[in-house]
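Step one of this worksheet: look at the structure below.
What follows draws every value from the coordinates through simple rules; no lab data is involved. Since the structure is predicted, the reported quantities are computational estimates derived from the model, not experimental observations. Here the Cβ is made from the backbone with ideal geometry for all residues, glycine too, and neighbour counts use every protein chain on show.
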């Protein structure tokens with residue numbers, strides 16, 4: 001095994017994602033093929049909590065997509081040779097539907113082979129899968145992964161205790177343990193716990209929340225940095241400081257995050273403690289469009305139209321996304337005010353052929369992310385499974401949405417609202433689809449989803 005690859009893995013275990021990425025790239029430059037696969041997962045944000053720390057870049061993702069495809073045979077040979085880190089990649093790819101057709105059963109077969117080889121990533125993967133099936137075995141696996149060096153694994157168990165078992169004591173015990181070794185995800189978890197936006201856990205402590213959020217941002221958590229901008233903007237846990245709020249947002253934009261570019265664009269648009277300047281605002285929105293394309297602007301909205309369940313795919317204008325999300329809390333919304341309704345119809349969910357067509361048109365890659373969550377809230381079952389965050393009750397469940405849609409990273413409280421009456425003329429162009437009306441009655445809450 002390549003020496004730099006081994007060191008990169010150790011950095012990964014300790015949430016030092018940038019250092020890990022740099023060494024994976026150096027390893028790849030020495031033609032160690034397995035590094036391409038880990039670089040791809042890191043850059044796509046689908047490895048542990050990478051999307052909290054590494055800015056996505058579509059060109060880079062496309063580049064490594066080609067490289068992993070060209071090294072597929074080597075990957076399979078490596079699995080045949082029982083290389084433990086190859087087991088993780090193959091299991092991940094089967095689980096996500098990358099390179100191979102999505103197959104959870106095969107994914108778990110390879111995970112178990114990796115567990116036999118004592119691969120901490122595979123052990124963590126299996127521990128999460130077993131949380132609801134065999135909790136005691138799951139706990140043993142989390143502790144095994146931790147003992148083998150994967151220090152971030154206990155955050156998954158901590159979230160499970162709080163979300164599924166409502167056990168604050170065990171949550172805090174595990175998070176405090178992680179805090180002692182200085183990993184950013186544990187500080188971020190504590191910051192959100194003490195923010196307690198919905199007052200669900202009766203743990204609100206603004207000063208503590210600010211303290212831990214600041215530490216998480218210092219350690220490289222991009223979501224924490226964005227959260228700090230909000231704290232300074234609202235004087236939460238610290239003195240109100242609009243200049244620092246703008247500086248934080250500008251730093252995110254300089255780093256190149258989509259959220260940062262939009263945040264600064266909106267600040268110039270609204271005259272947020274700076275002179276209102278629509279030209280500069282539009283430049284930030286334009287830069288975000290050029291770097292990230294339109295895929296993040298495609299939403300699926302469920303609502304009622306004339307008392308009939310209906311769905312709408314809308315392409316939201318980037319400079320109106322903020323207003324769009326705010327208005328989704330209302331009982332009535334005119335989607336045409338915020339973009340273009342590109343597909344719509346009656347029923348709980350759109351037909352799969354419509355979704356497939358949009359995937360191709362907007363180059364949307366259907367990966368199931370580890371860290372799908374509202375950026376200001378917990379990731380509930382962090383690494384390998386797609387699940388809901390719990391402080392704002394975002395629901396993301398494969399069974400409910402058929403593995404096709406992921407919740408937007410910004411939307412947070414829509415699930416708590418009543419179904420909106422959608423005021424738009426677009427729907428009448430589509431005939432009622434009786435078959436589609438019968439699909440998946442579980443998804444009855446109003447929510448705003450992104451492909």
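Summary table
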item	result
Stretch gain in nm, segment residue 317-residue 247, where the contour uses 0.36 nm per residue and the Cα spacing is subtracted	22.7 nm
Which of 262, 169, 129 has the fewest Cβ neighbours within 10 Å, and the rest in rising order	169, 129, 262
Estimated inter-spin distance, residue 62 and residue 294, nm [label 7 Å along Cα→Cβ]	1.6 nm
Inter-label distance, nm, simple model (7 Å from Cα along the C-beta direction), residue 165/residue 100	3.2 nm
Förster-model FRET efficiency, 41 Å R0, residue 280 and residue 69, C-beta, rounded to 0.05	0.55
Difference of contour (0.36 nm per residue) and Cα-Cα distance, residue 31 to residue 176	48.2 nm
Rg ratio (alpha-carbon, reference 2.2 N^0.38 Å) - the stretch 241-292	1.02
